[in-house]
1. Let me check I've understood the local charge: for Glu307, count other residues with C-beta under 12 angstrom from its C-beta, Lys and Arg +1, Asp and Glu -1. What total comes out?
2. Compute the Cα gyration tensor for the stretch 230-319, then decide on rounded, prolate or oblate, letting a ≥ b ≥ c be the square roots of its eigenvalues: rounded whenever a/c is under 1.5, prolate when a/b is larger than b/c in the other cases, and oblate in all that remain.
3. Give the carbon-plus-sulfur fraction of the accessible surface of the chain in %, rounded to a whole number; probe 1.4 Å, heavy atoms of protein chains only.
4. May I ask you to list, by number, the DSSP H helices of the chain whose Cα span along the axis is at least 20 Å and whose average Kyte-Doolittle hydropathy reaches 0.5 or more?
5. Leaving ligands, DNA and RNA out of it, rank Tyr4, Tyr36 by accessible area with a 1.4 Å probe, largest first.
6. Which lysines does Lys334 reach when only Cα atoms under 21 Å apart count, and residues fewer than 8 places away in its own chain are ignored?
7. With label points built 7 Å along Cα→Cβ from the Cα atoms of Lys261 and Ser131, find their separation and express it in nm.
8. Using the Cα gyration tensor of the stretch 285-341, with a ≥ b ≥ c the square roots of its eigenvalues, what is the shape: rounded (a/c below 1.5), prolate (a/b larger than b/c) or oblate (neither)?
Amino acid sequence: MRMYDIIHKKRDGEALTQAEIDFVIKGFTDGSIPDYQMAALSMAIFLRGMSPEETAHLTLAMAASGDQIDLSQVQGVKVDKHSTGGVGDTTTLVLLPLVASVGVPVAKMSGRGLGHTGGTIDKLESIPGFSIERTKEQFIEQVNTKGAALMGQSGSIAPADKKLYALRDVTATVDCIPLISSSIMSKKIAAGADAIVLDVKTGEGAFMKTLDGSFALAEAMVNIGENVGRHTIGVISDMDQPLGFAIGNALEVQEAIDTLKGHGPADLTELCLVLGSYMVVAAGGAATAEEAREKLTESLSSGRALETFKTFLRAQGGDASLVDEPTRLPQAAKKIPVTLPRTGFVSRIHAEEVGTSAMLLGAGRETKESEIDLAVGIVLHKKVGDRVEAGEAIATLYVNDERKVAEVTERLQAAYELSETEPPQHRLIFGVVT
Ligand code: URA
Ligand code: CA
């Protein structure tokens, strides 16, 4: 088999066989296929597309390129959740204990990564003592006895995807649904998920900006799931404004605790109930999404979800008493309100700008080497549909280093659009693909 012939075939719009795709991924991973040939093939795929069968083969080949986590020792159906990424997305912190509290095992692998805030692990490290250092045996034992565990993502999950993503990034071939969907699904499959619930964000603050694009991505991933025997459900949710109020690490832990206590932001609570319901159904913990939702709602109101969070924190070495005394989370030196000189109804909040503002304050990593400040970030006081009076605070900055305050204040002010009349009701969930 020759890479030249495979590029030629895809260039002319033909479908590649499983053997050809395996050859490409193996050769690219071990270095026998050079970057320039892989770049040419990526562009041919970008222009010519891939059938659902090809996309499934590519996904499995990339999943098999490195470690594949065997979770067969965890009892029950292992369901994982993935978000395509948004601003202030606190859902994993809530879903992990919430879903575990109704008896569905949660074996979660998470990363740190680049972004507006840290990843789930960074956020939880706001809690003194919390650690993800554990062996695979301890991880599985913890899921079986406590219902939930979190582990850092091993460096060798889907290395082919890591290498390909870096190449796509510099060859203008990221924005391609077969390549995005196989990239995301390969990592979930290698991490051992039996079933996958995808939160596909749509809107300005999301990877997919249009509703059509978001549905197409969800459909592609659900197709892959069905093709490789992993039940997959895609929920399309809004990212035209940040989710919840908090964007920051300790601030989002606080927001998750509020939500688990039953008084979190309405949008975050609703999205967690929707995603959680599908996770419970996928794991066989309820027959319908309605039945699952009832269980989750009961767990929130009875305090069982909060208790499960404490149990989980203790199991990972964290100080669970902090849940009842959140002032012991890392605190920023200064809280600075941001006001607007105008009056009106909030019609839009440019999510991307809010995220960048939080990162500038130190909440996220610009480069792999950046240090995160767990205490800093932004808490919004006004969301789309709310009325604002001139001079009223729309948000509070949590700051340790004041050098960026002027710039961040300006960005946030510009991120808010006001209208004279009340805007139409903002949608949170646009649809579900199964
Ligand atoms: N996220 C991924 O993991 N892969 C992509 O290709 C795009 C977004
Ligand atoms: Ca949030």
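1. Here the charged neighbours net out to +4.
2. It is oblate, given that a/c is not under 1.5 and a/b is not larger than b/c.
3. Exposed carbon and sulfur together represent 50 percent of the surface.
4. Result, helices passing both filters: 266-282.
5. Tyr36, Tyr4
6. Output for Lys334: Lys123, Lys382, Lys404.
7. 2.9
8. oblate
The values are calculated or read from the model by the stated rules, or taken from the named source; none is laboratory data. These numbers come from a predicted model, not from an experiment. In this analysis, Cβ positions are derived from the backbone assuming ideal geometry, glycine residues included, and neighbour counts consider all displayed protein chains. Note: areas computed on protein heavy atoms with side chains; ligands, DNA, RNA excluded. Shrake-Rupley method; radii C 1.70, N 1.55, O 1.52, S 1.80 Å.
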